Structure formats: C-alpha cells, structure tokens
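**Student:** Supplied in structure tokens, the structure appears directly below.
The values are calculated or read from the model by the stated rules, or taken from the named source; none is laboratory data. Quick caveat: nothing in here was measured; it's all calculated off a predicted structure. With ideal geometry, Cβ positions are generated from the backbone for all residues, glycine too; neighbour counts draw on all protein chains shown. To get the accessible areas, we keep the full protein, side chains included, count just its heavy atoms, and leave off ligands, DNA and RNA. Shrake-Rupley method; radii C 1.70, N 1.55, O 1.52, S 1.80 Å.
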Amino acid sequence: MRLAALEEAPYAFGSTYQREVGFDGARWRWCVTDRVIYVAEVDGVVVGAVSGVDGEVNGSAAMIAMWVDPRFRRQGVGDVLVKTVMEWARGKRYGQMFLWVTEVNAGAERLYARNGFVRTGATQEVRPGELEHEMSRLL
Ligand SMILES: CC(C)(COP(=O)(O)OP(=O)(O)OC[C@H]1O[C@@H](n2cnc3c(N)ncnc32)[C@H](O)[C@@H]1OP(=O)(O)O)[C@@H](O)C(=O)NCCC(=O)NCCS
C-alpha cells in the first residue's frame with residue numbers, strides 16, 4: 001500500500017517510490033515498529049491507511065502517510081482515517097497533533113481543515129522549489 005501511495009500521489013509525500021521500492025524486509029518491518037498504522041477496509045478490501053507517531057514537540061503526536069485509493073475517494077474514507085488517528089492520539093494522552101501537507105495538495109488540506117487543523121505558519125521545502133505547510137490542532 002505504501003508503494004502504491006508513493007507511485008500514485010508523488011506530489012503528496014516527502015519520500016519517493018524510487019527510494020522505498022528498494023527497501024528490504026528488515027527495513028519494512030522497522031517502518032512499522034515506531035508508529036501505529038490504521039487501514040480502512042471497504043467490504044474486506046484495504047482502501048486506505050494513515051499512521052500516527054510521536055511528534056517532535058514534547059507531548060504531541062504526528063499524523064503521517066495518509067492515503068486513500070483513488071477508486072474509493074470522496075466517500076468519507078479520509079475523514080474516518082483522520083478521526084481514527086486523532087482518537088488514538090487522545091487515548092495515548094497526547095495534547096496536540098501535527099502534520100505536514102504539500103502546498104499543491106489543496107484537497108488534503110481541506111480534509112485536515114475540516115477536522116480542525118490550522119496552519120502553524122511553519123513551512124519547509126519538500127522538493128526544490130516546492131513547500132509543505134505544517135498544520136496542527138489541540139486534541
Ligand atoms: C487526501 C485524501 C486522503 C482524501 O481522502 P478521501 O477519502 O477522498 O477523503 P474524504 O472523502 O473524507 O473527503 C474528500 C472530499 O470528498 C467529499 N465527500 C466525502 N464524502 C462524500 C460523499 N459521500 N459524496 C460526495 N463527496 C463526499 C468531502 O466533502 C471532500 O470534499 P472536498 O475535497 O471538496 O473537501 C485522498 O485524496 C488521497 O489519498 N490523496 C493522495 C494522497 C494524499 O494527498 N495524502 C495526504 C498527504 S498529507
């Protein structure tokens with residue numbers, strides 16, 4: 001699913017398909033040790049995923065690696081994933097959640113804004129000449 005996401009939506013992520021397609025089994029296993037991953041299923045088919053990790057700010061969590069299969073978009077799957085990872089963070093007693101969204105990804109930013117996230121004002125270059133914006137919300 002991660003490789004499908006990187007291949008399908010390269011504009012949305014800091015990493016690339018070319019970088020991760022070479023990961024070996026040990027590296028993939030390592031990738032699932034430091035985060036929680038929720039997958040969304042429709043009729044038993046996995047159609048999307050999101051991850052939650054420790055944030056950089058003390059007491060905060062971060063939402064990363066959000067992706068929904070294009071065939072299942074605009075049906076509220078993304079919304080369920082955002083709400084689910086926020087519930088996980090609340091359950092772990094995190095007080096705030098952060099995420100990064102690329103400047104070209106207006107659809108994802110709307111999804112996050114609808115769920116209470118606002119831009120913090122922090123930006124970073126995700127690719128030469130392309131910025132991503134940090135968003136956050138209190139939990
Ligand atoms: C961003 C992304 C996760 C959204 O997933 P999604 O499942 O389509 O999200 P939702 O269905 O909850 O919301 C998307 C839109 O569908 C609308 N929608 C939700 N349910 C709907 C329904 N039943 N009928 C019609 N529209 C609906 C929402 O209002 C929203 O509209 P908007 O784009 O005008 O704001 C998805 O587009 C994606 O994977 N993009 C590529 C990867 C990516 O950008 N990841 C985020 C990295 S930060």
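**Student:** Among VAL21, TYR11, TRP67, whose Cα lies farthest out toward the positive end of the dipole of the chain, if unit charges sit on the beta carbon of Lys, Arg (+1) and Asp, Glu (-1)?
**Tutor:** Checked the options; the winner is TRP67.
**Student:** Related question: Taking H placed 1.01 Å from N in the peptide plane, check which residues at least 5 places from GLY48 or on another chain put their amide H under 5 Å from its amide H.
**Tutor:** Amide H neighbours of GLY48: ALA40, ASP69.
**Student:** Within 10 Å, count the other beta carbons around each residue, average over each peptide in 115-123, 76-84, 23-31, 96-104, and list them highest first.
**Tutor:** Ranked from most to least packed, the peptides come out as 96-104, 76-84, 115-123, 23-31.
**Student:** Also: Run the numbers on segment 23-139 and let me know its relative contact order in percent, using alpha-carbon pairs under 8 Å that are six or more apart.
**Tutor:** Relative contact order for segment 23-139 comes out at 20 percent.
**Student:** Tell me the label-point distance for the pair ARG127, VAL80, using the 7 Å Cα-to-Cβ offset, in nm and rounded to one decimal.
**Tutor:** About 3.1 nm separates the two model spin labels.
**Student:** Let me cross-check ARG127: its accessible surface, 1.4 Å probe, with only protein heavy atoms counted, in Å² to the nearest 10?
**Tutor:** Taking all protein chains as shown, ARG127 has close to 60 Å².
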